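J.: Pasting a structure here, questions to come.
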Amino acid sequence: MVEAAYDTDNIFAKILRGEIPSHRVYEDEAVVAFMDVMPQGPGHTLVLPKAPSRNLLDADASTLGPLFKIVQKVALAVKQAFGADGVTILQFNEPASGQTVYHLHVHVIPRFEGIALKPHSGGMEKPEILAENAGKIRAALAS
Ligand code: AMP
């Protein structure tokens, strides 16, 4: 099956171009991380490469090392920032898997003993809560 081409107007491409706001916690020359607006738990962060690809399946392998280095960095930061017991890493490829935004991204979700994840793409979080949580993660990244 031939997958669709990368859409330069997908919502994360617009965020990367600064056309849509986001609560950014990290940025370097190759990778950006910002808060998921429909978090599956407090501190749910998305980490994505700036290089365009729909998902992992069509990504240039050279983007994956820098991406996962920052996934680890953000995972450690969210664990510290929220006093989490663990961290779930999720990544979806194509509609059958549950992917809804077609620019490669990795979900980093702090986890707490006995507390289940909220549904994927569930309710919108308040902007002030996202801003507060982003501030906690930025502080942990800077420590
Ligand atoms: P998926 O493509 O299934 O891995 O999920 C896309 C994720 O992006 C979902 O968890 C959404 O809550 C999240 N999302 C959608 N729009 C935005 C946005 N404008 N800013 C931040 N996160 C978003």
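The values are calculated or read from the model by the stated rules, or taken from the named source; none is laboratory data. Computed from a predicted model, the values in this text were never measured in an experiment. All Cβ positions, glycine included, derive from the backbone under ideal geometry; neighbour counts span all protein chains shown. Please note that ligands, DNA and RNA were not included when accessible areas were found on the heavy atoms of the full protein model with its side chains. Shrake-Rupley method; radii C 1.70, N 1.55, O 1.52, S 1.80 Å.
J.: How big is the accessible area of SER143 in square angstrom, nearest 10, if you roll a 1.4 angstrom probe over the protein chains?
T.: Per-residue accessible area (SER143): approximately 100 Å².
J.: Additional query: With a 10 Å cut-off between alpha carbons and a GNM built on the chain, which of ALA30, ALA84, ALA13 moves the most?
T.: ALA30
J.: Counting only heavy atoms of protein chains, what accessible area per residue, in Å², does the chain have with a probe of 1.4 Å? Walk me through the numbers on the way to the answer.
T.: On the way: 7480 Å² over 143 residues.
The answer is 52 Å² per residue.
J.: On to the next question. Suppose only helical runs count, i.e. DSSP H with n ≥ 4. What mean residue ellipticity at 222 nm does that imply for the chain under -39500 (n - 2.57) per run, divided by all residues and rounded to the nearest 500 deg cm²/dmol? If you can, show how the numbers build up before the last one.
T.: Numbers: 3 runs with 41 residues, N = 143.
Computed mean residue ellipticity for the chain: -9000 deg cm²/dmol.
J.: Ok, one more. Tell me which residues come under 5 Å, amide H to amide H, from VAL31 once H is placed; ignore anything under 5 positions away on its chain.
T.: LYS50
J.: Another question, if that's okay. Ordered by residue, what ³J(HN,Hα) values in Hz, to whole numbers, does segment 56-61 give under the Karplus form 6.51 cos²θ - 1.76 cosθ + 1.60, where θ = phi - 60° and Gly and Pro are x?
T.: Residue by residue, segment 56-61 yields 4, 5, 10, 6, 6, 4 Hz.
J.: If you don't mind, there's one more thing I want to ask. Using every Cα-Cα pair within the chain, state what percent have a distance larger than 20 Å.
T.: On the way: 4513 of 10153 pairs.
Roughly 44 percent, rounded to a whole number.
J.: Right, here's the next one. P(r) of segment 7-46 in 5 Å steps, Cα pairs, percent per bin?
T.: 6, 22, 30, 25, 14, 3
J.: Further, regarding this structure: Among ALA116, ALA77, ALA131, determine the one that fluctuates most according to a GNM of the chain built with springs between C-alpha atoms less than 10 Å apart.
T.: Comparing ALA116, ALA77, ALA131 in the GNM, the peak value goes to ALA116.
J.: Solvent-accessible area of MET38, probe 1.4 Å, all protein chains present, reported in Å² to the nearest ten, please.
T.: Here the accessible area works out near 60 Å².
J.: Taking GluC sites (Glu not before Pro) as candidate sites, keep only those in a DSSP loop with at most 13 other Cβ atoms within 10 Å, then name the longest stretch of the chain containing none of them.
T.: On the way: sites that count: GLU3, GLU19, GLU29, GLU113.
For GluC sites (Glu not before Pro) (loop position, at most 13 other Cβ atoms within 10 Å), the longest site-free span of the chain is 30-112.
J.: Specify the angular offset, from 0 to 90 degrees and rounded to the nearest 10, of the alpha carbon long axis of helix 64-82 from the longest principal axis of the alpha carbons in the chain.
T.: Orientation of helix 64-82: about 20 degrees from the principal axis.
J.: Here is a further query. Looking at the chain as a GNM with Cα springs under 10 Å, which of ILE129, ILE89, ILE115 has the largest mean-square fluctuation?
T.: In this elastic network of the chain, the residue with the biggest mean-square fluctuation among ILE129, ILE89, ILE115 is ILE115.
J.: Under 11 Å from a label point 7 Å along Cα→Cβ of ASN10: give me every residue in segment 89-108 with its amide N that close.
T.: Output list for this probe position: 92-95, 99-106.
J.: Same structure again: If you roll a 1.4 angstrom probe over the protein chains with everything in place, what fraction of the accessible area of segment 11-142 belongs to carbon and sulfur, to the nearest %? Present the calculation step by step, with values, prior to reporting the outcome.
T.: On the way: 3830 of 6490 Å².
Answer for segment 11-142: carbon and sulfur cover 59 percent of the accessible area.
J.: Next up: For segment 6-143, compute the number of Lys pairs whose alpha carbons are separated by less than 16 Å, excluding pairs fewer than 8 positions apart on the same chain. Let's see the in-between values first.
T.: Details: LYS14/LYS50; LYS50/LYS69; LYS69/LYS79; LYS73/LYS136; LYS79/LYS136; LYS118/LYS126; LYS126/LYS136.
Close lysine pairs under the 16 Å cut-off: 7.
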